[in-house]
Every structure is written in structure tokens, then in C-alpha cells.
Amino acid sequence: MHSIRFRFFAFIAALLLVLLLLLNTYPLVSSRDAVYEEKRSSLAAAASVLASSLAGLDRLSQESVAEVLTFLDISGYSRILVADRGGTVVYDDHGAVGGRTQIADVLTALDESKTVFRSRLEEDAFRSSYAAPMSAQGAITGAVYLCEHDSERAQIIYGIQERIRVLSVVIGVAALIVTGVFVFGMMRRLQDLVRSMRVVAAGDYAYRHAVKGRDEISELGQEFNQLTERLETTEKQRRRFVSDASHELKTPLASIRLLSDSIVQSRNMDADTVREFAADIGHEAQRLQRTTEDLLDLSRMDDGMVLVTEPTDVSRVAEDALVLLRPLAKERDVELRARLEEGCVILGNPDALFKIIFNLTENAIKYNVPGGSVELLVRVADSSVEIEVADTGIGIPEEDRLNIFDRFYRVDKARSRATGGNGLGLSIVHDAVQAHAGSITVGPNKPQGSKFVVSLPRATKEETGL
């Protein structure tokens, strides 16, 4: 297999060869054709003048033709021949007269009454000839034949061709050298980029390619660095995710083991204490189950799971979530208010929408203060349906708002563990909103607390079939 360097160099060399061939061919052909046309014009003019002058003579003879040639000052031709109607040579400055001419062009002019022009470039000169019929009172009386041997113009054209050939060699060599330097430099930059890719492929995501210049290769290097930066960020998130997930799963498992060991190793433990320990084991098992289910939901979303959507009334989904959340609000001494408008229909997945509303409202209740309140609002806003959850709780610091949708991120780790949170709820909400082509924002609530606003595309009449 040939390298791309060889193929690129071969392509440039082939293209250069074609251009040089054209450079060596076209000027010669065009200048030769121009001389041909000039010869045709000059010979045609001279032959026409001579034929017209000779047609007026009473009798064609060598002497009369010579006198006409002298009078017209027609000279400088390598051969001048005049033949009568029967093809007999009357005048020939390079041969005997009296015999029948064997020149085919002269016979063609006599028999077919038309002119015949020929010209060719040989090694030393342009050799041109022109045969034209003579006529008087509409009848052919003879023919004239002029030959020209032009070595001066031939030498000029050959000289130009020789200079072009030398120039072509110089240009070709220089172009190949420049092409070789260019190809070498370009391929070296590509090889550097390939080496950078291999370094990153080996696991060094912190490595950055040194970008030089402002061309397409530099742009490719910048894109590579951006990709590497994203890979580094993703790898850090993955490692943190694995670490956090392991920690989240290890904590309830350790508690379950500790409690179970205590029950097994204690011989005199009373029944009430055993029931208390068993209840604690059940709570830890539920916590473990919730974390596992949340991880499975996030994994499905990461795998690009396509949601099965249908026309869904968001207000009805919110009512179902409120049924499960009101006991929790009563337990935490939090007032739960809801304002659910009619006609809030979107093309969505009911289960995913339930998780969005449930998780946001549950967090608003858990991270509230005794005597606080949570307001759930579902309304229509232009071409979207908005879900707003506002609370009067502890609030979210501004510096943490960009990170709250990261997995396992907690604003207050100690308090989150006390409420049973695992830092995955908002990540599930964020991914579910994105799966519905929506958006979610978070900000402060006046005078205290937090406010989450989810905006989802409203379903059209064609989508709902109503």
C-alpha cells in the first residue's frame, strides 16, 4: 500500500506533467496554425493577382509569363509554375516547359476549378504551396502554382519551443521541490496529530496537541483538543460517578451488615430491639433499592432509550404525584399547594413526567423548613406547558446551581443523607426533560427558598388527534 504522501506527491507530479505538456504543445500548435493562415492569405493574394493578369494575355508563353512576373514584381517563391488548359507547362522556373505537369494540385485546379492550399512544418522550414485556376469569360484557361520555402519563421518557432522546453524543465524541477517540501511539512503535521491521537487513545486525556498556523490542519487540531477536553471531562465524571455510586451502595450495605451482625451475635437481645434493628434494615434496603432503580433509569437514558410518547395531560399526572406526596408534606409540617390548569397536554411519556413532578416536589418538601410551603403550578404558556415548583426551604446557593443536575451532587451532603437523598433525583429530572425536548431552569424564590421551572413543548391538534 502506498502512503498518502506518495499518492499526493504522485498526483501533483502527474498534474504538473500534464500542464508542462500543454505548455510545450499549445504554443507550438497555435503559432504554427497562425503561420498556416498567414501563408494561405499571402499565397492566395499573390496567386489571384497572377492568375488575373495572365488570363488577359492572348497567348500563354514562357516569355509572356516572365514579363508579367517582372511587371507584378512577384518573387521570393521557391517555385512558380504556369500551365495551360490542357495541363501543359508553359512556365516553370525550376523545370522544363512543354511537358504535361504531374503536380496533382495543378491538375485538381484545372479539372475541378478550385484552389488547393497545402502547408507543413518540416525540420527546417515551412513548406507551402497554392494552386489556383485561371479563367477568362467564364472558361478555365489554365492554372498557376506557387511554392514557398520559409525557414526563418520555422527557426523562430523552434527557438521558442526550445526556450519553453528549458523553462518547463526548470519550472518542473522547482515545482517538484516546492511540492516535496510542502507535502513533507503537511504530512509531518498530520503525523504529529496522529501521534497525539495515539497518546490520548492510550488514556492520557490531559494531553493537548500543539496547534500551529490557521489552516484546515490547525482547525482539525483545535477540534481534536476540544474533543480531548470533553473526553477528559467525561472520564472525570465517570470516575466520580463510579466512586459515588460505590459509596452510595456501600453505605446501606454496611449498615445492613452491621445491624444483622448485631442481631446474630447478641444472644440476649429483646424482641423490641430486634424489631427496631429489623426496621432499620428495611429502611436501608429501601434506600439501596431506590439508588439502584435511579442508577438503572440513568443508565437507560444514557443508552439513548427512546421514550414511548402519547398525548398526556400534565395536570392529571401532577394530581397522581400529589396523592403520594401529601402524606410526606403532612409528616414534615409543610403546606403543599397546587394550581393545575386545564388543557396542559403534551406529547410525552407519563412515567417520565411523573418522575419529573414527583422528584422536584419531593425535594421541595424534604429540603424545606417546618411550617414552610411548596407550590406546584402547571400552566399553559404560548406553545409550551410549564411546570413550576416553588418552595420556602433552605434554598440553593448561586454557586451550586450549575452543578445540581450532576449525578451524586449534593449542596449539603450531611443534610442530604439525613433526608435519604442520593443526589440522583435532579439528574433523572434533567435527563427526562431533555428527552422531551424541553428545558429546566432553577433560581431563588422570594423571599426564600428555590424555584424550578420546566418548559415542555405543547402538543398540537394534529398530534393529539383532537
Check: Along segment 125-135, what does the Karplus equation 6.51 cos²θ - 1.76 cosθ + 1.60 (θ = phi - 60°) give for ³J(HN,Hα), rounded to whole Hz, x for Gly and Pro?
Finding: 6, 7, 10, 10, 9, 9, 10, 9, x, 9, 9
Next item on the list: Can you pull the one-decimal nm distance between simple spin-label points at residue 383 and residue 45, each 7 Å off the Cα toward Cβ?
Entry: 7.8 nm
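In debye to the nearest 20, how big a dipole does the chain give about its Cα centre with +1 on each Lys and Arg Cβ and -1 on each Asp and Glu Cβ? Intermediate values should be presented prior to the final figure.
Numbers: 54 positive and 66 negative charges, 252 e Å.
Roughly 1220 debye for the chain.
For a protection proxy built on the mean count of beta-carbon atoms within 10 angstrom, sort 229-235, 149-155 highest first, please. Provide the component values of the computation, followed by the final result.
On the way: 229-235: 12.6, 149-155: 14.9.
Ranked by mean Cβ neighbours within 10 Å, highest first: 149-155, 229-235.
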Notebook entry, point to check: Cβ under 12 Å from residue 372's Cβ, residue 372 left aside: what net charge do those residues give with Lys, Arg +1 and Asp, Glu -1?
Noted result: -1
Checklist line | Sequence-distant residues sharing a close amide H with residue 136 (under 5 Å, placed H) | finding: 141
Notebook entry, point to check: Of 253, 43, 13, which is farthest on the positive side of the dipole of the chain, counting Cα position, with +1 on Lys and Arg Cβ, -1 on Asp and Glu Cβ, and the Cα centre as origin?
Noted result: 253
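Listed highest first by mean packing, meaning other Cβ atoms within 10 Å per residue, what order do 264-275, 129-140 come in? Please report the intermediate quantities before stating the final value.
Working: 264-275: 9.4, 129-140: 18.1.
So the order, starting with the most tightly packed, is 129-140, 264-275.
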Check: Between the helical axis of 271-302 and the dominant principal axis of the chain, each derived from Cα atoms, what acute angle in degrees is found, rounded to the nearest 10?
Finding: 10 degrees
Notebook entry, point to check: Near the amide H of residue 424, under 5 Å away, which other amide H atoms are found, from residues 5 or more places off or on another chain, if H is placed in the peptide plane?
Noted result: 408
Check: Using Cα atoms only, what is the angle between the long axis of helix 4-55 and the major principal axis of the chain, expressed in degrees (0 to 90) to the nearest 10?
Finding: 30 degrees
Notebook entry, point to check: Cα-based count: Lys pairs in the chain below 21 Å, eight or more positions apart or different chains?
Noted result: 13
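Does segment 338-378 come out rounded, prolate or oblate by the C-alpha gyration tensor, with a ≥ b ≥ c the root eigenvalues, rounded set by a/c under 1.5 and, if not, prolate when a/b is larger than b/c and oblate if not?
Details: a/c = 5.62, a/b = 1.71, b/c = 3.28.
The shape class here is oblate.
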Note to self: Can you work out the Karplus-derived ³J(HN,Hα) for every residue in segment 382-396? Use 6.51 cos²θ - 1.76 cosθ + 1.60 with θ = phi - 60°, whole Hz, and x for glycine or proline.
What the structure shows: 6, 9, 9, 10, 10, 10, 10, 10, 10, 10, 10, x, 6, x, 10
Checklist line | Under Karplus coefficients 6.51, -1.76 and 1.60, residue-wise ³J(HN,Hα) of segment 198-206 in Hz, glycine/proline x | finding: 5, 5, 5, 4, 6, x, 8, 6, 7
Checklist line | Amide H contacts of residue 126 (H built 1.01 Å from N, under 5 Å, at least 5 apart or other chain) | finding: 150, 151, 154
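Only the coordinates and a few stated rules stand behind these numbers; no lab work does. All of these numbers come straight from a predicted model, not from anything done at the bench. Note: ideal-geometry Cβ built from the backbone for every residue, glycine included; neighbour counts use all protein chains shown.
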